[in-house]
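Have a look at this one before I ask anything.
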Amino acid sequence: MTDAPDSPKVPGLGPVIRRFDDPDVPWQKVKAQRNADGTESYVHEKWFAFSNEPPYLSLYARYDPGMVVRRHGHFSPHIVFVLEGDLLCGDEPCPTGTHVELPFGAAFGPLVAGDAGCTLFEVMLGDPRSWGDDPEAFERALAERGATRLPDPPLEFPAWLSDLRSHWAGAAPESTTP
């Protein structure tokens, strides 16, 4: 075993502490769908730590009941922990307490929230933006539930990062209404 490297300690830096109910970190709608009964469902996220150098994102996510998210991967390793409720990941049930690891280049989904929805804690260790995969599986998962995708809600990304959500396969078409 080699000697340990010198300490990377930076004078004046300390921890940044946030809580799930932190009022300075608002909920944002990031995905939307229309359900068979005409109601709308969303994926809501709170971005707790979003860094450019080095790139990473940690977030708290809440999926409304029955919400469907396309099969996708990220431009980084990605960790998902199911805190409450349950999530179907492709054909794999992920109840409360499930840890999902996506190595760089791996895709997962479609993701489908259970009847009570679900709450997740996620960390992306690099560029957090996603790429799409298998749009047919996404369309089948929506059709099985009588749901239709809606345009992605607008988001304020950091100035150093562009929004790629509508660029990839299976993403919602651009809205034609104001």
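All of the numbers you see were taken from the coordinates with simple rules; none came from a lab. Owing to the predicted nature of the structure, the values given are computational and were not obtained by experimental measurement. Don't worry about glycine lacking a Cβ; one is built from the backbone with ideal geometry, like all the others, and counts go over all protein chains shown.
Of the residues Ala143, Ala116, Ala106, Ala137, only one is under 22 Å from Phe50 (Cα atoms) and hydrophobic (A, V, I, L, M, F, W, C); which?
Answer to the selection: Ala106.
Still on this structure, I have one more. Could you say which residue among Glu144, Glu122 is among the charged types (D, E, K, R) and free of Cβ contacts under 8 Å to residues at least 40 places away in the same chain?
The match here is Glu144.
Okay, next question. Inside the stretch 1-59, can you point out the residues that are of a type in the set (S, T, N, Q) and either in a strand (DSSP E or B) or surrounded by 16 or more Cβ atoms within 10 Å (Cβ to Cβ) (or both)?
Gln28, Gln33, Asn35, Ser41, Ser51, Asn52, Ser58
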